[in-house]
Amino acid sequence: MTLIAILAGTLTAGIGSVWLAALLSFGVLARYTTHMLSLAAGALLATAFMHLLPEAFESQAGAKELFGTLLVGLVFFFLLDKAELYHHGHEHHDRQGGGGLDHVLAPVRTGNSLRADTSPSPLDSGQGHHHHSHSPRSGSWAVLTGVSVHAFGDGILIASAFVADMRLGVITALAVLAHEIPHHMGDLVVLRQTSSNQRAALVKVSLAGAVTALGGLVGYALVDMLHDWLPYFLVVASSSFVYVALADLIPQLQKRLRARETFAQIAWLAVGIALVTVVSGIAHSH
């Protein structure tokens with residue numbers, strides 16, 4: 001039963017987030033991108049601090065070791081983020097005439113970072129079409145590789161949560177689904193630069209997102225064999241979610257806005273927190 005739940009959760013998070021991102025990127029909902037960022041940030045923080053961390057600290061593991069794991073996890077995702085940004089910045093300097101692609105390649109992630117501007121303008125207008133002539137075909141493969149690697153890690157985290165508790169698995173899968181939507185919006189933008197076929201871009205990113213299920217299978221086997229390490233897996237998951245929310249999502253929301261827009265951001269952040277709480281309560285009651 002747990003394995004079936006892991007497969008369902010990983011496929012929903014991995015592929016469902018891509019299709020929802022496509023709806024936002026290519027459809028009429030593109031103007032709600034900022035709201036999705038707020039929602040994802042709230043869901044991630046609530047999942048980490050209200051569920052994953054408490055579950056880990058209820059185990060026999062020592063508090064000092066778990067806090068140490070949390071610290072190492074945060075530093076690890078920071079260094080991984082910096083290394084990936086440096087790598088793509090180096091590629092940019094080595095490539096002649098590629099200046100226009102630099103801001104588009106930015107969404108390629110390792111920790112979960114999203115560096116591209118997710119405002120509706122590049123998604124709704126044709127302002128980005130002039131980059132196509134400078135976009136090397138390899139750019140799409142770089143993005144797909146980054147998506148696949150990250151999806152594999154998400155699968156392991158989801159599997160870890162499901163093994164610990166079915167309720168935790170459900171909310172973790174939903175949290176991954178929520179926070180991957182804005183990231184996949186950036187991925188789809190990159191794929192559109194190397195191909196005018198919108199459907200092909202969607203299929204490629206969907207296949208990369210499906211790697212989440214593979215990560216779930218590996219995570220299930222790994223966690224099952226190393227059950228004593230489960231609290232540390234949960235803490236690593238928490239460090240990933242906290243890093244994404246505080247280092248990637250929330251900074252994009254810290255802009256000087258009108259009072260009404262600021263209130264909307266706070267409201268959607270609260271909705272993200274409430275969503276996790278409600279889903280947790282429903283799952284727990286069953």
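None of the figures in this text is laboratory data; all of them are computed from the coordinates on show. Note that this is a predicted model, so its numbers are computed, not measured. Note that we place each Cβ from the backbone using ideal geometry, even for glycine, and neighbour counts take in every protein chain shown.
Seen from Leu44, the other residues with C-beta closer than 14 Å to its C-beta sum to a net charge of -3, counting Lys and Arg as +1 and Asp and Glu as -1. Between Thr277 and Leu71, the distance separating the two model label sites (each 7 Å from Cα on the Cα→Cβ line) works out to 3.1 nm.
Between Leu214 and Phe263, the C-beta separation translates, for a Förster distance of 45 Å, into a calculated FRET efficiency of about 0.60. Computed over neighbours whose Cβ is under 10 Å from that of Thr212, the net charge equals -2, Lys and Arg +1, Asp and Glu -1.
The trypsin sites (Lys or Arg not before Pro) found in region 237-269 that occupy coil by DSSP, while having at most 12 further C-beta atoms within 10 Å, are Lys255, Arg256, Arg258.
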